[in-house]
Every structure is written in structure tokens, then in C-alpha cells.
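Participant: Provided herewith is a single structure, encoded as C-alpha cells, for subsequent inquiry.
The values are calculated or read from the model by the stated rules, or taken from the named source; none is laboratory data. Just so it is clear, the structure is predicted and the values come from calculations on it, not from any experiment. Note that each Cβ is placed from the backbone with ideal geometry, even for glycine, and that neighbours are counted across all protein chains shown.
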Amino acid sequence: MTRAGITRAVVAAGGAGTKMDPITRIIPKEMLPVARKPILEHLVLELRDAGIDSVLFLISSGKSQIPAYFGSGKRYGLEFSYRVQGDGAGPGAPVLAAETWTQGKPFVLAFGDNLIRPTPAGPETPLQRLLNGQTANEDACSVLTAVFPADQVPAHETLLGAAPARRTDGSPVTFGKDQLDHTVARWAHACAARWVLSPFVFEALRQCRPRANGELYLIDAVRHCFSTGHQLKAVPLLPADVRFNLDNWRAYEDAVTILRG
């Protein structure tokens, strides 16, 4: 169990993987192998090492291979559940779909197509740092972030706001109502696919309209939370932590090359 007592994690694994077509017509992108394990298995072990004991996988209807492979979770010493979500609903949809399962308590949200290699021989993994920085009953959300030069942020990343500098110690930054602005910054925080969310996020999501593409976005709910006085703690990855956003072939090839062993 973590210091904050958070033991539940929701894993979003419903994306169609269209950028990796045609292989993703046959196998979910989260099940592609990296270093002799499916991508998703690396995440399962990451969650277990961080003190999580129950995991809910949110999958789309074409991903039956995920529950077939992972089963009940017994062989990992964990308890697994599965729910099927609608296709193309956006990154906020898995959060709403998990509301009853979270039992009104803070929980981890992890995106199944993102793999993080922690600093070698580091005392804590990035997820452990995120969780251990959370105090019991803290009424806030936290997120791992990657810090980029503001003019070099990859197009697919979700930006949070300005970083005063590229610190090397992973010191957290707290964002509030007026701080999600990176337009004049030298450095910027982008989401790194690991969140700790409090129950108030569900109501915030219900207050958000889907965007023009019909998708519901978590970052829109975070902005709504700010308007009601809540804050977001950003915990940056350390310089030697490596994150792979495995939604395209280039990132997958990089992961396979770097993590080969």
C-alpha cells in the first residue's frame, strides 16, 4: 500500500491503434512485445511495484486478447477486472466508465500504451514518486509530466503549463486556476500518462462537453476543477527516466531497441 493508501488503478486500453495499422487489426497495440513482454505487462508490473493491488482494464470490444492473456491477475498477485468501453470516446471516457469501481476513493489512472523505464538503480520508480508524494485524503489530482522545450513539444502531447526551469530533481509544481499557460514559457510540462485522481473528477467530466470530434478529454475536466478551487500537482520525470508513447511505429521501434535485453 502507498503512503496515501491508494491501492486501485484504472488502465485505459481502449484506443484503436490506427497509427499502427494493419498489425493492430490482429493484435491490440498494448499487447505488442517489448523486451519479451507485452507492453501492458510492463505496466502491470509497474503498478504492482507501486503498491497497487486491484486493477480495472477499460478495453474496447475488439481487445478480447487482453483478458485472455491476463485473466484474474492471480499470477501477478493482483485482482483484475475488465469493462468494455465504446470506441472513439476520448481519453476522458475511461475515467467516467470506472466511477462505480473506484468506490469513491482516489485512484491511479494509467494509459496502457505508455511505457516508462525508470532511472536505473533509482530509489523509486516515477509512479512510486507520484503516489508517495500524495498525502492521505488529499483533495487534489497529481500527474507525472515530461518537461520539454516549449517550442519542441511533440504534437500528440497534452500540455499542462509552464515549467520555470528544467529541474533535475523531480521537484513537483502545483498548478491552479490561472497557471495552465505555456505560450510565453521556455519550458513546458506535458502529461506523461500516469495520474492520481480524486473522486471529484467524475462530476467535473460530466460538466464538460465533448469536443468537436465527439471525444471527451480529461484535461478539460482538470480545467473545470480549477474553476472550483482544486489544484493539480505535476511531478516531473527525472532526466534518466525514459517514457515511450507507443501509439506509432517510430516510438515502438525506439522502445524495442532501447529496452532490448
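Participant: Which residue, of T158, T168, is surrounded by fewer than 18 Cβ atoms within 10 Å (Cβ to Cβ), closer than 30 Å to N213 by Cα and either modelled with pLDDT of 85 or more or not hydrophobic (A, V, I, L, M, F, W, C) (or both)?
Facilitator: T158
Participant: Against the conditions (1) of a type outside the set (K, R); (2) in contact with a strand residue (DSSP E or B) (Cβ under 6 Å, 6 or more places away or on another chain); (3) more than 21 Å from M20 (Cβ to Cβ); (4) modelled with pLDDT of 85 or more, where does Q103 fall short? Just the number, please.
Facilitator: With respect to (1) of a type outside the set (K, R); (2) in contact with a strand residue (DSSP E or B) (Cβ under 6 Å, 6 or more places away or on another chain); (3) more than 21 Å from M20 (Cβ to Cβ); (4) modelled with pLDDT of 85 or more, Q103 is out only on (2).
Participant: Right, another one. Identify the residue in the range 115-133 that is part of a loop (DSSP other than H, G, I, E, B) and either touching a residue at least 60 places away in the same chain (Cβ under 8 Å) or at positive phi (or both) and, among all such residues, is surrounded by the most Cβ atoms within 10 Å (Cβ to Cβ).
Facilitator: This residue is P118.
Participant: Can you name the residue in the range 14-57 that is at pLDDT 90 or above and small (G, A, S) and is also nearest to Y217 (Cα to Cα) among such residues?
Facilitator: Selected residue: S54.
Participant: Right, another one. What pairs come out if I take residues in the range 94-108 that are crowded, with 23+ Cβ neighbours inside 10 Å and pair them with residues that are assigned to a loop (DSSP other than H, G, I, E, B) and at pLDDT 90 or above whose C-beta lies under 6 Å away, six or more apart or interchain?
Facilitator: If the second residue must be assigned to a loop (DSSP other than H, G, I, E, B) and at pLDDT 90 or above, the pairs left are P106/I6; P106/S198.
Participant: Filtering the range 13-41 down to residues that are small (G, A, S) and over 26 Å from R129 (Cα atoms), which residue is surrounded by the fewest Cβ atoms within 10 Å (Cβ to Cβ)?
Facilitator: Filtering the range 13-41 for residues that are small (G, A, S) and over 26 Å from R129 (Cα atoms), the one surrounded by the fewest Cβ atoms within 10 Å (Cβ to Cβ) comes out as A16.
Participant: Every residue in the range 42-85 that is in contact (Cβ under 8 Å) with a residue 60 or more places away in the chain and either loosely packed, with under 13 Cβ neighbours inside 10 Å or among the polar types (S, T, N, Q) (or both), please.
Facilitator: Residue satisfying the conditions is Q85 alone.
Participant: Output the residues belonging to the range 206-261 that are of a type in the set (D, E, K, R) and in contact with a helix residue (DSSP H, G or I) (Cβ under 7 Å, 6 or more places away or on another chain).
Facilitator: Selection gives D241, D247.
Participant: Mind checking which helices (runs of 4 or more DSSP H) fall wholly inside the range 190-261 and carry at least 3 residues that are not hydrophobic (A, V, I, L, M, F, W, C)?
Facilitator: Per the criteria, 218-227, 249-258.
Participant: Here's something else I'd like to know. If L180 satisfies all but one of (1) of a type in the set (A, V, I, L, M); (2) at pLDDT 85 or above; (3) not in a strand (DSSP E or B), what's the number of the condition it fails?
Facilitator: Here L180 clears every test but (2).
Participant: Shifting gears a bit: Give the residues of the range 192-214 that are on the phi < 0 side of the Ramachandran plot and at pLDDT below 85, sorted by residue number.
Facilitator: N213
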